[in-house]
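Worksheet for the structure shown next.
The values are calculated or read from the model by the stated rules, or taken from the named source; none is laboratory data. Remember, it's a predicted structure, so these values are computed and weren't measured experimentally. FYI the Cβ positions are ideal-geometry reconstructions off the backbone, even for glycines, and counts take in every protein chain you see. To get the accessible areas, we keep the full protein, side chains included, count just its heavy atoms, and leave off ligands, DNA and RNA. Shrake-Rupley method; radii C 1.70, N 1.55, O 1.52, S 1.80 Å.
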Amino acid sequence: MAQAWKCSGLRWSADGPVLVWDGGRRSALTRGKRVAFGVAEGGVRICVGARGHTCPVGAAVPGRSTGARCEECARLDRAHSVAADTIADDPRPYHVYLAWFGPGMVKVGITAEARGSARLLEQGAVCFSWLGLGPLMAARRTEELLRAALRVPDRIPYAEKRAVRAALPETAADRAREVAELYERAVALPAWPESLVREPLRVVDHVGVFGLGGLPVAVGQVSELVAGGAVGGELVAAAGPDLHLATGGGVVVLDTRLMTGWGLVPAAVGELTVPTRQFKEAAGVQDGLF
């Protein structure tokens, strides 16, 4: 029986996206590569734990959960979280940013300066610009100011992001336009915290990094993995946690967060035999799985 591997999720590095496995092994994801794996027969999806610790009870979690955590571990994971607003004493400087995911879809957010643009890649931001840099609470106050004044959200559902990736404006200038317009409105607002240093407008475009140029419209997405099921396809694009895979039935999106918690094994054929949701409109020694 083939060795089962546990996926820790997709990470973005300077060289592009990689799948990380428990134990530290990494699998680079390059466009045109065949991605194929199966879920171990009789397997159960197990909670991934919280903050580097395993789940004390090894709780089973639903296949459709993108968090792959039981209720208690999810609570512990958010107990010391900037995103959940449960800490205020982080001494690191934070960036405030505007991120664009498609026409009419701009959000404001914050990320630690030390992380660079990793947070934007993880979210699948098609383009973005920094707005300012300063202490955590100043960045948080600015985020709230901009949400109220500009009427932009602090999050956009992944379903909405996926729906427009194959129909983005063709030029970087067109993709940057909404960010530039909101940037000008943002810096003109009064009441910015004095400790937040404003950043110049520099729109960074990720279409090339994600491989979205000429992206075929996806016909559906994987809704969950199941024991004994398999996923296979040619990687045509990767954005945020999503892999766009060309299969015999068209391009299907796999949210790699659905992979965590399962025991995964190599698959030679690489057919798609897991549950999918069709979009209404077609918008030797085992070294590793790939």
- Message: Can you tell me which lysines have their Cα less than 26 Å from the Cα of K6? Leave out same-chain residues fewer than eight positions away.
- Response: K33
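Over segment 111-194, what number does the Rg to Rh ratio reach, with both radii from the alpha-carbon atoms and Rh per Kirkwood?
My calculation puts Rg/Rh at 0.97.
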- Query: Three principal axis extents, largest first, for the C-alpha atoms of segment 1-134, in Å?
  - Reply: 53, 40, 29
- Give the Debye-formula value of log10 I(q)/I(0) at each listed q (0.08, 0.16 Å⁻¹), with one equal scatterer per alpha carbon of the chain, two decimals each. -0.37, -1.32
- Note on the structure: Here the cysteines of the chain without any disulfide-compatible Cβ partner under 4.7 Å are C7, C73, C127
- Query: Once the whole set of protein chains is in place, how much accessible area is left on T171, using a 1.4 Å probe, in Å² to the nearest 10?
  - Reply: 70 Å²
- Note on the structure: Per principal axis, largest first, the Cα atoms of segment 98-257 extend in Å by 56, 35, 25
- Which values of log₁₀ I(q)/I(0), to two decimal places, follow from the Debye formula for segment 1-63 at q = 0.15, 0.19, 0.27 Å⁻¹ with a uniform point scatterer at every Cα? -0.61, -0.92, -1.29
- Which whole-Hz ³J(HN,Hα) couplings does segment 227-236 yield from phi under the Karplus relation 6.51 cos²θ - 1.76 cosθ + 1.60, θ = phi - 60°, glycine and proline marked x? 4, x, x, 9, 10, x, x, 8, 6, 10
- Item | Cross-link partners of K107 among lysines (Cα-Cα below 28 Å; sequence separation of 8 or more within a chain) | K161, K280
- Using a 1.4 Å probe on heavy atoms of the protein chains only, the accessible area for T30 in Å², nearest 10, reads 80 Å²
- Message: Once ligands and nucleic acids are excluded and a 1.4 Å probe is used, how much of F279 is accessible, expressed in Å² to the nearest 10?
- Response: 40 Å²
- Message: Treating segment 167-211 as a set of equal point scatterers at the Cα positions, no solvent, please give the Debye-formula log₁₀ I(q)/I(0) at q = 0.18, 0.25, 0.28 Å⁻¹.
- Response: -0.66, -0.94, -1.07
- Task: May I have the pair-distance distribution P(r) for segment 117-160, computed from all Cα-Cα distances with 10 Å bins from 0 and rounded to whole percent?
- Result: 22, 52, 25, 1
- Message: Once the cut-off is 17 Å, how many percent of the Cα-Cα pairs in segment 148-188 end up in the long-distance tail?
- Response: 48 percent
- Could you rank I110, I46 by how accessible they are, 1.4 Å probe, largest area first? I46, I110
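Give me the percent of the accessible area of the chain that comes from carbon and sulfur atoms, probe 1.4 Å, all protein chains in place.
Values: 7260 of 13920 Å².
Carbon and sulfur: 52 percent of the exposed surface of the chain.
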- Kirkwood hydrodynamic radius of segment 187-239 from all distinct Cα pairs, in Å? 16.2 Å
